[in-house]
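Structure, as structure tokens:
The values are calculated or read from the model by the stated rules, or taken from the named source; none is laboratory data. All values reported here derive from a predicted model rather than from experimental measurement. Don't worry about glycine lacking a Cβ; one is built from the backbone with ideal geometry, like all the others, and counts go over all protein chains shown.
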Amino acid sequence: MSNALALKLNSKLTVSEQSIDSYIQAVKAIPTLTEIEERALAFRLFEEEDLGAAKKLVLSHLRFVLYIAQGYRGYGLPLADLVQEGNIGLMKAIKRFDPNVGVRLVSFAVHWIRAEIHEFILKNWRIVKVATTKAQRKLFFNLRSSKKRLGWLSYAEVQTVAKDLGVLPKDVLEMEKRMSGNDTPFDAPTDHDDEDFVAAPSGYLEDYRFDPAALVEEHEWESQQSDKLHEVFASLDERSSDILQQRWLSEDKATLQDLADKYHVSAERIRQIETAAIKKLRKQMI
């Protein structure tokens, strides 16, 4: 795809904050392409530089760009800007897409879309750039999740983060320092009549309960705990496992006497087995 063609497409994809709601509705109304339709259009673009084919490819993937851009709203930047940058990445991907490789365009384009959004965030998240090298960029997008699992970074934890992300310990310390600093706008008010008024920067931050990074971290933590719970359950003997299943995980929970009758022991013995199994679970889940 030529540069002139890309410029023509770009002029059709301008997104403003005022029009973002109508843009979202319009994008969701555009039908997606089947694999056969996509390949046919891709070959027309690749072999003939067909502008019509390029336009259809771009439009049919705008909802995918929107989906990715919404995942970066936690950085406090306008969604319209994130979408705009993602659309640029989509067009770069389409320009370089070779249908002979045999993969779907969406799989190829995701790298380019994210790369453009990452670059935009790094340039605009703070007045002073926090990430300028490859190692710093990796830390910028991963350190917050590492810190949440590890808490305040000690020497040993710095070593762990550095090893996990493949960077130097000094880079971890430098990025932690940069990300911990507070930025204050030049025109921030120094006083206000309302005692509940909060000056910059905290007064302008979004609710981080819905920060994509925090949601991903929470999902990963829950997933890890679930996997660990299944692993620990598997280590219990069959009777102990069954007792816990019947007493705590079944919709129709069994009583101690029900299980006592099943295993031909006293209800007190069932309670002792249950207590011992729970203690074992707690000890291994810590």
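Points to keep in mind about this one:
- Among the residues listed as E119, E85, the single one being at pLDDT below 90, in the same structural domain as I20 (by TED's automatic domain parsing) and among the acidic types (D, E): E119
- Cβ pairs under 8 Å, 6+ apart, first in the stretch 83-101 and under 8 Å from I113 (Cα atoms), second surrounded by fewer than 16 Cβ atoms within 10 Å (Cβ to Cβ) and among the charged types (D, E, K, R): E85/E119
- When Y23 is tested against the conditions (1) at pLDDT below 85; (2) part of a helix (DSSP H, G or I), the lone failure is (1).
Yes or no, residue by residue, for (1) more than 30 Å from K55 (Cβ to Cβ); (2) modelled with pLDDT of 70 or more; (3) in a helix (DSSP H, G or I); (4) of a type in the set (D, E, K, R):
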| site | (1), (2), (3), (4) |
| --- | --- |
| S107 | no, yes, yes, no |
| L139 | yes, no, yes, no |
| S145 | yes, no, yes, no |
| L153 | yes, no, no, no |
| A162 | yes, yes, yes, no |
| V167 | yes, yes, no, no |
| E176 | yes, no, yes, yes |
| D193 | yes, no, no, yes |
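- Within the stretch 254-286, the set of residues being loosely packed, with under 11 Cβ neighbours inside 10 Å and either in a loop (DSSP other than H, G, I, E, B) or in contact with a helix residue (DSSP H, G or I) (Cβ under 6 Å, 6 or more places away or on another chain) (or both) comprises H264, I286.
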